[in-house]
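Undergrad: Just passing along the structure, written as structure tokens.
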Amino acid sequence: MAQQGAYYVPHGSRWPIVGSIGLFTTVFGAAHWINGNDGWRWVMFAGIAVLLVMMFGWFGTVIRESIGGMYNRQVDTSFRMGMIWFIFSEVMFFGAFFGALFYARSLSVPWLGGEGHGALTHDVLWSSFTAAWPTNGPQGIGGAFETMAPWGIPLLNTLLLLSSGVTITIAHHALKAGQRKKLLAFLAATVLLGATFLFFQAHEYIEAYTHLNLTLQSGIYGSTFFMLTGFHGLHVTLGAIMLTVIWFRCAKGHFDKEHHFGFEAVAWYWHFVDVVWLGLFMFVYVL
Amino acid sequence: MATHAATHDHHDEKPEGFLDRWLFTTNHKDIGTLYLVFAFIMVCIGGAMSGVIRAELMKPGMQLVQPYFFNEMTTMHALVMIFGAIMPAFVGLANWMVPLMIGAPDMALPRMNNWSFWILPFAFALLLSTLFMAGGAPAGGWTMYPPLVLQGGNAIAFMIFAIHLMGISSIMGAINIIATILNMRAPGMDLLKMPLFVWTWLITAFLLIAVMPVLAGAVTMLLTDKYFGTSFFNAAGGGDPVMYQHIFWFFGHPEVYIMILPAFGIVSEIIPTFARKPLFGYRAMVYATACIAFLSFIVWAHHMFTVGMPLGGELFFMYATMLIAIPTGVKVFNWVTTMWRGSLTFETPMRWAIAFVILFTIGGFSGVMLAIVPADFQYQDTYFVVAHFHYVLVTGALFSIIAAIYYWWPKWTGRMYNEKWAKFHFWWSMVFVNVLFFPQHFLGLAGMPRRIPDYNVAFADFNFISSIGAFGMLLTPIMFFFILWHSKKYGAKADARSWEGAKGLEWTVPSPAPHHTFSTPPVIDDSALAHGDVTH
């Protein structure tokens with residue numbers, strides 16, 4: 001609820017329209033590129049550059065205004081709600097891919113194997129196919145492949161991300177207690193754990209492509225495996241970049257004991273990628 | 001930009017330059033206007049496409065266009081009308097009215113609000129550019145079912161990216177609306193005192209944030225299936241094309257309510273004003289809206305009864321779907337009861353609202369018919385479905401938008417429109433929309449398939465009548481534009497309370513509403529609220 005007193009309405013801004021132009025240029029270039037016009041990838045990169053400029057400019061404006069003390073508690077609450085609902089939308093985005101995984105594993109693959117409802121497809125098209133998981137389907141799209149053992153690198157990655165959740169919480173407590181050195185050390189540790197996670201993830205991908213013949217084209221298993229872990233990895237990358245920015249902002253003394261929403265927003269985001277990973281570890285690797 | 005923050009902070013006048021006013025704006029009223037103008041342009045483009053469709057279907061046999069182009073028209077008509085016209089029009093109304101109705105100075109996140117709008121013209125430039133592309137625009141239907149859609153040409157990538165952009169726009173817009181409603185209400189504007197339009201938009205915004213990302217996921221899988229060799233929807237690789245339909249309709253059914261819940265809100269504002277009675281059953285209306293929103297998540301597969309599903313699934317989705325008739329029935333009952341023994345007058349907004357109640361209910365009934373599995377096996381993919389969803393989307397959603405524009409136009413511009421012409425516009429639309437869509441019920445029941453440019457001569461008469469209705473309807477945007485232009489230029493001055501029975505905060509500010517309203521929180525007078533004090 002609003003408290004008594006004046007409202008804050010920000011002045012106009014050029015960054016949104018810059019952002020729209022950036023988004024348009026990016027996807028216009030990307031669409032031409034994936035349709036086989038290789039030169040257009042430079043258009044896409046130009047669009048991404050515009051988006052980066054927009055982010056620097058827009059966040060810069062907000063940071064300056066925030067440090068200038070222009071934001072009251074109501075604005076702070078709006079930012080918090082914005083971040084929470086943004087993370088909820090991300091949860092639903094991952095939900096679509098988890099949904100695809102569950103649907104394939106518990107419905108479409110058994111049906112292709114002749115169970116219940118899909119019996120005819122099985123009999124007419126692929127009567128020799130036996131339902132199993134992992135699979136690349138009755139036609140073995142992408143060729144025979146092996147899967148990643150869950151108790152090696154994936155377990156290590158789970159431990160890395162879980163510890164990073166602990167270190168960021170310690171950093172948060174340090175921030176609230178005004179212990180700057182501890183804050184910077186534990187925040188740096190969080191970034192480092194995230195980067196190590198990404199290193200192992202990259203290693204795992206190389207392993208999968210070079211030794212296991214597990215690729216994005218490996219039927220439904222490869223599709224769900226790489227799309228889920230890939231989007232997650234992308235989010236970890238973004239989260240690690242955000243944490244790095246926050247580290248620099250902490251070092252510059254942007255935050256104090258009470259006012260550090262930027263820190264908290266990134267911490268929420270980091271916990272979110274952490275939770276998604278637990279889902280991935282369970283349903284993609286272990287089960 | 002930060003440099004003039006200090007001088008530019010609060011309640012200044014309108015910005016001087018055109019670019020400052022419209023391109024860099026953070027003002028909810030200007031952004032609302034942009035949304036509404038954009039939606040109007042899209043209605044005209046989408047309407048022109050429907051004109052091509054109905055012209056081709058006026059007589060049996062191939063008349064005007066090639067079959068592939070006909071398919072492009074049906075696909076693009078739907079995408080343009082849903083994502084370009086109806087949804088942005090409702091967001092525009094929310095932008096204009098929600099801050100005014102809850103006593104907020106603006107939206108909670110005004111710069112993001114600007115971005116939400118300004119993504120849209122780029123998204124539609126991307127989508128419409130495919131019409132001029134080698135290989136043509138997407139032609140596999142707006143639902144983009146694989147494997148058909150994957151057989152399209154280069155346009156598919158453009159369509160998918162356009163949908164991503166629309167999704168980003170919708171999600172940011174919805175986040176903004178939720179934050180505004182939950183965080184920016186004036187002191188004393190309790191949740192259960194909010195106007196129903198605000199309530200319906202709160203719930204709609206939740207639906208948008210929940211399902212637009214799912215659509216983004218679904219079309220991303222299409223993209224990777226077409227361009228990067230994944231097998232999500234390829235049975236040979238262990239995937240399933242039907243899986244796409246499940247994911248799509250998990251988005252698609254809440255999407256249907258995204259396009260109708262704000263309409264419920266609008267009608268719930270207009271009817272009490274012209275019945276001069278408080279809304280009957282305010283709380284029941286709020287709960288019914290929430291109930292419909294909840295049910296919308298568990299009924300998606302009623303769009304796919306005929307593609308094959310275990311019997312238990314068919315039964316579950318049939319009964320769950322029929323349940324929706326209950327909260328919807330509560331709403332219709334409450335609108336009618338609000339009018340019961342009211343001192344009714346029939347100004348133009350009220351006429352559109354009453355037409356909404358009657359014609360939307362027809363669309364609701366045909367929806368219940370479609371929910372019955374064995375009957376749906378007959379109706380699936382026929383013109384009956386086309387008739388059904390045009391009754392809910394045209395005489396439902398679009399009529400409510402027109403009602404809202406007539407209702408709040410005096411508040412926006414400070415001018416009344418010409419009541420006589422507006423009534424003509426209403427009656428013209430009322431007649432021709434039924435001439436257009438009612439015969440399509442009969443065509444569908446007789447077995448005419450949708451999305452086909454030619455048909456059996458047995459369907460000739462009703463198609464001819466339907467096309468006459470379409471041409472009549474195509475004149476209505478011109479009429480509407482003329483009435484609004486005339487009003488803006490020559491209309492009589494409107495009072496702050498433009499309608500005698502109008503209640504609610506928006507009518508306490510002058511007409512036209514000043515560029516900045518409620519720069520300090522207004523004092524809430526319970527007896528002057530739109531829905532009064534609902535506790536007794």
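The values are calculated or read from the model by the stated rules, or taken from the named source; none is laboratory data. These figures come from a predicted structure and were not determined experimentally. Neighbour counts run over all protein chains shown; Cβ positions are idealised from the backbone, glycine included. With ligands, DNA and RNA removed, areas are computed over all heavy atoms of the protein, side chains included. Shrake-Rupley method; radii C 1.70, N 1.55, O 1.52, S 1.80 Å.
Undergrad: If you bin every alpha carbon distance in the stretch B:342-474 into 10 Å steps from zero, what whole percent lands in each bin?
TA: 12, 37, 29, 15, 6, 0
Undergrad: Could I ask something else about it? Dimensions of the stretch B:428-502 along principal axes (Cα, Å, largest first)?
TA: So the three principal-axis extents are 56, 26, 18 Å.
Undergrad: Can you send over the solvent-accessible area of residue B:351, 1.4 Å probe, protein chains only, in Å² to the nearest 10?
TA: The accessible area comes out at roughly 50 Å².
Undergrad: Which value, in nm² and rounded to one decimal, describes the direction-averaged projected area of the C-alpha convex hull of the stretch A:163-233? Working shown, then result.
TA: Details: hull surface 21.0 nm².
In nm², the orientation-averaged hull projection of the stretch A:163-233 is 5.2.
Undergrad: Along each principal axis of its Cα atoms, how long is the stretch A:1-133 end to end? Whole angstroms, biggest number first, please.
TA: Result, largest extent first: 71, 47, 18 Å.
Undergrad: Mean Kyte-Doolittle hydropathy of 0.0 or higher plus an axial Cα length of 24 Å or more: which whole DSSP H helices in chain B meet both?
TA: On the way: long enough: B:28-57 (42 Å, 1.21); B:110-129 (30 Å, 0.78); B:155-183 (41 Å, 1.90); B:196-227 (45 Å, 1.68); B:241-258 (26 Å, 0.40); B:348-371 (34 Å, 1.53); B:419-445 (39 Å, 0.53).
Helices meeting the criterion: B:28-57, B:110-129, B:155-183, B:196-227, B:241-258, B:348-371, B:419-445.
Undergrad: For residue A:163 and residue A:133, compute 0.36 nm times the residue count separating them, minus their Cα-Cα distance, and round to one decimal in nm.
TA: On the way: separation 30, 0.36 × 30 = 10.80 nm, distance 3.09 nm.
Contour length minus the Cα-Cα distance gives 7.7 nm.
Undergrad: For chain A, modelled as a Gaussian network with Cα springs under 10 Å, which listed residue fluctuates most, A:113, A:22, A:36?
TA: A:36
Undergrad: Oh, and also: Express in Å², to the nearest 10, the accessible area of residue A:106 obtained by rolling a 1.4 Å probe over the protein heavy atoms while all chains stay in place.
TA: Answer for residue A:106: close to 70 Å² accessible.
Undergrad: With equal scatterers on the alpha carbons only and no solvent term, can you work out the Debye log10 of I(q)/I(0) for the stretch B:353-399 at 0.15, 0.22, 0.30 1/Å?
TA: With one equal scatterer per Cα and no solvent, log10 I(q)/I(0) is -0.36, -0.67, -0.99.
Undergrad: Count the net charge of all other residues whose Cβ sits under 11 Å from the Cβ of residue B:106, scoring Lys and Arg as +1 and Asp and Glu as -1.
TA: Numbers: positive: B:29, B:111; negative: B:30.
Summing Lys/Arg as +1 and Asp/Glu as -1 gives +1.
Undergrad: Roughly how tilted is helix A:41-67, in degrees to the nearest 10 and between 0 and 90, from the longest Cα axis of chain A?
TA: With rounding to tens, the tilt is 40 degrees.
Undergrad: From the residues B:243, B:427, A:280, which one has its Cα farthest along the dipole of the protein assembly as shown in the positive direction, the dipole being from +1 and -1 charges on Cβ of Lys/Arg and Asp/Glu about the Cα centre?
TA: Result: B:427, furthest along the dipole toward the positive end.
Undergrad: Sorted from largest down, give the three principal axis spans of the alpha carbons of the stretch B:199-342, whole angstrom values.
TA: 64, 31, 17
Undergrad: For the charge dipole of chain B, defined by +1 on Lys and Arg C-beta atoms and -1 on Asp and Glu C-beta atoms about the Cα centroid, which residue among B:334, B:397, B:158 has the Cα displaced farthest towards the positive pole?
TA: The residue sitting farthest along the positive end of the dipole is B:334.
Undergrad: If one computes P(r) from the Cα atoms of the stretch A:87-146, what percent of pairs lie at distances over 14 Å? Mind showing how you got there, number by number?
TA: Numbers: 1073 of 1770 pairs.
That tail contains 61 percent of the Cα-Cα pairs.
Undergrad: A further question follows. Compute the Kirkwood hydrodynamic radius of the stretch A:1-71, taking the inverse of the mean of 1/r over all pairs of distinct Cα atoms, and give it in Å to one decimal.
TA: Numbers: mean 1/r = 0.0706 Å⁻¹.
Radius from the Kirkwood sum: 14.2 Å.
Undergrad: What is the angle, in °, between the Cα long axis of helix A:261-280 and the longest principal axis of the Cα atoms in chain A? Nearest 10 is fine, range 0 to 90.
TA: The answer is roughly 10 degrees.
Undergrad: If you add up the charges near residue B:46, with Lys and Arg at +1 and Asp and Glu at -1, over every other residue whose beta carbon is less than 14 angstrom from its beta carbon, what do you get? It would help to have the intermediate numbers written out before the result.
TA: Working: positive: B:54; negative: B:72.
Once all neighbours under 14 Å are counted, the net charge is 0.
Undergrad: For chain B, what is the calculated [θ] at 222 nm in deg cm²/dmol (nearest 500), taking -39500 (n - 2.57) for each run of four or more DSSP H residues and dividing by its residue count?
TA: So the helix-based figure for chain B works out to -21000 deg cm²/dmol.
Undergrad: Taking the protein assembly as shown on its own, what percent of its Cα-Cα pair distances exceed 45 Å? Working shown, then result.
TA: Details: 92593 of 338253 pairs.
Result for the distance tail: 27 percent.
Undergrad: What figure in square angstrom, to the nearest 10, would you give for the accessible area of residue A:258 with a 1.4 Å probe?
TA: Solvent-accessible area, nearest 10 Å²: 130 Å².
Undergrad: Just subtract the alpha-carbon distance of residue B:489 and residue B:375 from 0.36 nm times their residue separation and send over the number in nm, one decimal. Working shown, then result.
TA: On the way: separation 114, 0.36 × 114 = 41.04 nm, distance 5.26 nm.
That works out to 35.8 nm of additional length.
Undergrad: Could you work out how far helix A:180-207 tilts from the main Cα principal axis of chain A, as a 0 to 90 degree angle to the nearest 10?
TA: 20
Undergrad: Here is a further query. So which residue, out of A:220, A:21, A:67, gets the largest mean-square fluctuation from a GNM of chain A using Cα contacts under 10 Å as springs?
TA: Maximum fluctuation in the GNM of chain A, among the listed residues, is at A:21.
Undergrad: Relative to the compact-globule scaling 2.2 N^0.38 Å, provide the ratio for the alpha-carbon radius of gyration of the stretch A:85-286.
TA: Values: Rg = 20.7 Å, N = 202, 2.2 N^0.38 = 16.5 Å.
Cα-based Rg divided by the globular estimate yields 1.25.
Undergrad: Given all pairs of different Cα atoms, what value in angstroms does the Kirkwood hydrodynamic radius of the stretch B:61-141 take? Before the final figure, lay out the partial values.
TA: Numbers: mean 1/r = 0.0665 Å⁻¹.
Final number for the Kirkwood radius of the stretch B:61-141 is 15.0 Å.
Undergrad: Run the Debye formula on the Cα coordinates of the stretch B:222-262, all scatterers equal and no solvent, and tell me log10 I(q)/I(0) at q = 0.15, 0.21, 0.28 1/Å.
TA: Scattering profile of the stretch B:222-262, log10 relative to I(0): -0.46, -0.67, -0.88.
Undergrad: How big is D for the stretch B:97-152, in µm² s⁻¹ as a whole number, if Stokes-Einstein is applied with the Kirkwood radius of its Cα pairs at 20 °C and 1.002 mPa s?
TA: Answer, rounded: 148 µm²/s.
Undergrad: Now, a different point. Under a 1.4 angstrom probe, counting protein chains only, how are B:225, A:123 ranked by accessible area, largest first?
TA: Values: B:225 25, A:123 95 Å².
These residues rank, largest area first, as A:123, B:225.
Undergrad: Determine the gain in length on full extension of the stretch residue B:478-residue B:509; use 0.36 nm per residue of separation and subtract their C-alpha separation, reporting nm with one decimal.
TA: Working: separation 31, 0.36 × 31 = 11.16 nm, distance 3.08 nm.
Between residue B:478 and residue B:509, full extension yields 8.1 nm more.
Undergrad: Am I reading the B/A interface right? What is its buried accessible area, both sides, 1.4 Å probe, to the nearest 100 Å²?
TA: Details: alone 21420 and 16410 Å², together 31250 Å².
Interface area, both chains combined: 6600 Å², rounded to the nearest 100.
Undergrad: Moving on to the next point. With a 1.4 Å probe and every protein chain kept in, tell me what percent of the accessible surface of the stretch B:18-528 is carbon plus sulfur.
TA: Percent of accessible area from carbon and sulfur atoms in the stretch B:18-528: 72.
Undergrad: Provide A:250, B:44 ordered by accessible surface of protein heavy atoms (probe 1.4 Å), highest first.
TA: Accessible-area ranking of A:250, B:44, largest first: B:44, A:250.
Undergrad: Based only on Cα atoms, what mean projected area does the convex hull of chain B have, in nm²? Before the final figure, lay out each step's value.
TA: Working: hull surface 101.3 nm².
Its average projected convex-hull area is 25.3 nm².
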